[in-house]
Amino acid sequence: MLKGFFMRTRTTVRTCRLAAAGLSLGLALTMTACGSEDTDSDADAAVEVESSAPASESASASAAPAGDEAEVKIGKTLKDPDMGDTIEIISAVRDFPSTEEADLIAEGGEVVLLQVKIKPGTEYGGRISEGNFEISWDNGGDFESSDTRLMTEEMTAAKRTPLEDVQRRDGGEHTGWIAFQVEEKADTYLIEYERDGAKVIGSDKTIAEFTEQVEIPAS
């Protein structure tokens, strides 16, 4: 496998949100994108990430009262044809009883956990992370990024291991949980998985963006 670096810029044209996840390709790729604002450097020297903290607006979905924790099965598999990645959305936990997010829950929000299993492709390098996943509570009108780091201790105590970044060079299968703090509780949610498009440096080859959505059902 050829070595190089891949610059990834995440751009999402929806109301008040931008998110990013680092991605490097073994064929020395650079991302194509339009309009982002703030930049952060990934810990991996081979990756540069351009990102902006997401913001949200009040959605139209009706808030539902807090309920008891319930796990719902999803069983949806996404296959990225260009990168060779396989992402299985196994299940989701509705109404996760978070002490950390008690105020959000009391105000009509909900903590949703998503269990995923990732088998990365082997042709390219780079990583897949929680930053590739977002959630919508208003049928796709707005999407919000995950923020698992705020929930790490509570998730671990509940025996739901947080997802760690998956490096393609490591291969194998990787299972973990992602946490979403939803401001407007809804009966169902949409999860969007997005991997930005890329261009191979020194050639005319491009890799198209890959995006797919999965529904989280009611508990």
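Laid out as a table, the results:
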read-out	value
Residue in the stretch 211-218 that is open to solvent by 30 Å² or more (accessible area, probe 1.4 Å), in contact (Cβ under 8 Å) with a residue 24 or more places away in the chain, in contact with a strand residue (DSSP E or B) (Cβ under 8 Å, 6 or more places away or on another chain) and farther than 18 Å from residue 90 by Cβ present	no
In the stretch 165-185, the residues that are open to solvent by 10 Å² or more (accessible area, probe 1.4 Å) and within 28 Å of residue 95 (Cβ to Cβ)	165, 174, 175, 177, 181, 183, 184, 185
Subset of the stretch 187-201 (residues that are at pLDDT 95 or above and under 18 Å from the mean Cα position of the chain (by Cα))	188, 189, 190, 191, 192, 193, 194
Among residues of the stretch 99-144, those that are part of a strand (DSSP E or B) and open to solvent by 10 Å² or more (accessible area, probe 1.4 Å), counted	5
Per-region count, the stretch 106-147, residues within 17 Å of residue 78 (Cβ to Cβ) and among the aliphatic types (A, V, I, L, M)	5
The stretch 168-185 residues that are in contact (Cβ under 8 Å) with a residue 24 or more places away in the chain and assigned to a loop (DSSP other than H, G, I, E, B), paired with ones that are open to solvent by 10 Å² or more (accessible area, probe 1.4 Å) and of a type in the set (Lys, Arg) (beta carbon under 7 Å, 6 or more apart)	173/117; 173/119
Residue within the stretch 188-210 that is touching a Pro at 6+ places or on another chain (Cβ under 7 Å) and more than 18 Å from residue 75 (Cβ to Cβ) present	no
Checklist (1) closer than 27 Å to residue 184 by Cα; (2) surrounded by 20 or more Cβ atoms within 10 Å (Cβ to Cβ); (3) of a type in the set (D, E, K, R) applied to residue 85, failing item	(1)
Subset of the stretch 109-148 [closer than 19 Å to residue 191 by Cα and either without any contact (Cβ under 8 Å) to a residue 12 or more places away in the chain or of a type in the set (Gly, Ala, Ser) (or both)]	109, 129, 131, 136, 140, 141, 145, 146
Residue within the stretch 202-209 that is polar (S, T, N, Q), open to solvent by 60 Å² or more (accessible area, probe 1.4 Å) and at pLDDT 95 or above present	no
Selected residue [of a type in the set (A, V, I, L, M), open to solvent by 20 Å² or more (accessible area, probe 1.4 Å) and farther than 12 Å from residue 136 by Cα] from 198, 158	158
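The values are calculated or read from the model by the stated rules, or taken from the named source; none is laboratory data. Because the structure is predicted, anything quoted here is derived from the model rather than measured. Cβ sites come from the backbone with ideal geometry, for glycine too, and all protein chains shown count toward neighbours. When the accessible area is computed, the model is the full protein with side chains, heavy atoms only, and any ligands, DNA or RNA have been set aside. Shrake-Rupley method; radii C 1.70, N 1.55, O 1.52, S 1.80 Å.
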